[in-house]
Amino acid sequence: MPKVIDIIRQRLAAQQPFYSFEFFPPKTDEQTQAVYNRMDSLKQLCPCYCDVTFGAGGSTTARSLQVVETFQNYHGMETMLHLTCTNMNEESISRLLEEVKSRHLQNILALRGDPPEGQTHFVATDARFQYAVDLVRFIREKHGDYFNIAVAGYPEKHLEAASYEEDLKHLKEKIDAGADMIVTQMCFSPPVFEKFVNDCRALGIQCPIIPGILLFGNYAGVHRMATLSGVAIPEKMEERLLQIKDDNAAVSAYAVDLAVEMVQYCMARGMLGFHFYVLNLEKAVKTTLTRLGWPIINQASRTLPFLEPGQTFQAALGEARFEMPLLNALVPAYRMAAARGDPEFRKQVDRRTIWGAAVAGPADVNGVFGAYYEGKIHRLPWSEDPVPRTLASCRADLADLAKHGVWAVHAQNGLVQVPSTDPIHGWGGPDGLVSQLAGLEFFMPKAKFAPFMAAVNPAAALVHAVHISEGTFTNVTTGAEVIPTAWGQWGEEKRLATVMDAPRFNAAAIEAFALWLSKWATLYAEGSSSRQALEAIQQDVVFVSMLAPQPQTTLTSLIAILKLHY
């Protein structure tokens, strides 16, 4: 994908307006999933890019990286990561940049950063990184032009700068050190922003300068942020805020008025780019763009899993060979359940209500899985979501499998060159075609597995399987090659979305086996008959992956193979 600066230059050359959204990293798994869902909606507004802030001293490093990678590699949205000097030294910065690079991310907003929590003054951990300009120089020195580097501008000067003029000189130093673009702090006065741009141009700064626009939602919040940032609230704005300060809906609507005013003022003067601080919300920015008359384009989205780092794979499917970046791993739903930690999952009484006050044996497990695929319950220990729309045509078959002791925890149907904007199956942005193999991951009793394997024709299904015995995981079958399971093509660009091979399957199997105990058996008292029954079932099942040999093969065909061996 192109870097943000390349997209911006294309828009400027075509005289097209563009805009971007800023998110802060969520603190919990629930908030993370909410942000992902929100991106599904906000992507329809077609932002030029999104960026994600970075907690002081790396306090949100893992989650920031996760969110950035998800936005870019799953949603197909060009994304920028904030990087600060706070509590960072050369080793930690180098390590983080290599991690970012390994995930195929190319956009950095380089900042000095705020003082660590609990401190009032910034003190550099490493003397080499005292200012954002030091970070810019280091990135260029170590990574050349691999990264697009943005820096911050301050239309009313940085809070700690001795003067406005001195602050402009520091900004020029950052550009001279190799920064590509400027995104400014929020500014509530269009003429103040215009003066700032003119002063930058007079100083020789010719790169894109994009105003930050805050879509605030309440009176106290906007005052708090303005005070912390050293940003002035104009007298007219303060008068209006005082009139409506106890009505958050009115305050939010007024923020939209100001945002529209800023955009229209800038566009009348030939400025085309805008950066919205959306505060992880969507209503205000949607309203703003609608009032500006900018189009909202419906784009496909899919239930979002947690992702793995991008890697390059050589993968095989029949005679075909793929060598391309692995964009993400559309991991089974049970991995999502393990990682997200929905509050309702933590309430043992709620889970017992769903999965039974007691478990006597496999027949009760049959009933739980059957009820899930019949839509009578909406969660499993391996999935906190209802059965997805993509499996609507196979729900009855999956429920029937469950009644016969074959418990599916993940399934996907085969696709052959479906438009990437398909509302159910699409991914990766418009103008592409996506394909995938039908696949099924399930538990079955060890006693049923041997006859099943003896009868499966390798030409009809590719099988991986693992069982557990006295705490040891044993491969029953192994695949020699990396098999592509979902891929797409956008013109000449090919994207390999998911793969299956023995190491990945083994990792998934370990997690899937663990959930028998961590999500289900622990609902019941230690030593109880229910816990003992689930522990025994875990020891007596095989975890199996079946993949179709080609995308034309349907999930129904795979299920039919299983039905022959009830």
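Remarks
- Exposure ranking of Arg291, Arg531 by accessible area [1.4 Å probe, largest first]: Arg291, Arg531
- Measuring only protein heavy atoms, the 1.4 Å probe finds Tyr265 accessible over about 50 Å².
- Model label points for Leu281 and Met225, set 7 angstrom from Cα along the Cα-to-Cβ axis, are 0.9 nm apart.
- Listed cross-link partners Lys142/Lys174; Lys3/Lys286; Lys157/Lys195; Lys169/Lys195; Lys169/Lys236 are compared with a 21 Å cut-off, the Cα-Cα value being larger for Lys3/Lys286; Lys169/Lys236.
- Accessible-area value, Glu98, 1.4 Å probe, nucleic acids and ligands omitted, Å²: 100 Å²
- Size-normalised alpha-carbon gyration radius of the stretch 367-510, reference 2.2 N^0.38 Å: 1.15
- With a 1.4 Å probe rolled over the protein heavy atoms of all chains, the accessible area of Leu111, Leu462, Leu380 falls in the order Leu462, Leu111, Leu380, largest first.
- Contour minus Cα-Cα distance for Lys172 and Ser102 (0.36 nm per residue): 22.2 nm
- The Cα-based radius of gyration and maximum Cα-Cα distance (Dmax) for the stretch 377-436 are 13.9, 43 Å.
The values are calculated or read from the model by the stated rules, or taken from the named source; none is laboratory data. These figures come from a predicted structure and were not determined experimentally. Don't worry about glycine lacking a Cβ; one is built from the backbone with ideal geometry, like all the others, and counts go over all protein chains shown. Protein only, heavy atoms only, side chains kept; ligands, DNA and RNA dropped before computing areas. Shrake-Rupley method; radii C 1.70, N 1.55, O 1.52, S 1.80 Å.
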